[in-house]
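Trainee: Shown below is the structure under consideration.
Taken together, the values in this text are just the output of simple stated rules run on the coordinates, not laboratory data. Being a predicted model, the structure only gives us computed values, none of them experimental. Virtual Cβ from ideal backbone geometry, glycine too; neighbours counted across all protein chains shown.
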């Protein structure tokens, strides 16, 4: 399986909007997650969206984290649509759908799962919804990004659990930092997923956009209207950089290899 993974990823990884993406469908990604041996050294999955792609332009650490990811899949329908305009088949694999499918069809009774969770309510709701899962969790304090001791506590906690899957749900770049440090931790194993608010969607503490809104590529608008105070600045300041990235992509064609 290791050799197959390596060969598949070497063929699939491409750079679009200066971001490495694996051109893998959700079914292939799920199959890789399902069949990957849990005892392998820790590796992680990132799901770049528009905000993530824009931040990569100026954040050298984040570029390093995404380059080292085992899988990098597109979590943005607008980015997929931009790729389609250049005849690039970039599959949409959202962190939210991936999380739902993992709990629905991959995670089995007795599997040990670790959460770096945004709050204790999410942890308790998950324990109630999935009582058959061996769930371990840590809820870091606010201000994690600027708290090296709390960050190290998260890394050490996860490494000590030897879980099949690790869900990193404390936002970017905090989740990326933890994932990258775990990938270099001698005791860490399993697969980590940086999945943003996906756990909150899964347990119902946040409401995801209806399917028809998702299909129209307007899930970002639904989230903005749901949390305007928190998200308006992120979306407002992403538009111009995204347009510039796409303009550079058009000029720099043909499509570059990663």
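Trainee: What's the extension gain from residue 162 to residue 145 if we count 0.36 nm per residue and subtract their Cα-Cα distance?
Mentor: 3.7 nm
Trainee: Quick one: 146, 134, fewest Cβ neighbours within 10 Å first, how do they rank?
Mentor: 146, 134
Trainee: In which sequence would 100, 113 go, from the one with the fewest C-beta neighbours within 10 Å to the one with the most?
Mentor: Lowest count first: 100, 113.
Trainee: What full-extension length gain, to one decimal in nm, is calculated for residue 205 and residue 25 as 0.36 nm per residue of separation minus the Cα-Cα distance?
Mentor: Between residue 205 and residue 25, full extension yields 62.0 nm more.
Trainee: For an R0 of 25 angstrom, estimate the FRET efficiency from the Cβ-Cβ distance between residue 34 and residue 119 and round to the nearest 0.05.
Mentor: Working from the Cβ atoms, E equals 0.30.
Trainee: Modelled label-to-label distance, residue 132 and residue 252, 7 Å Cα→beta-carbon offset: nm?
Mentor: Rounded to a tenth, the inter-label distance reads 4.7 nm.
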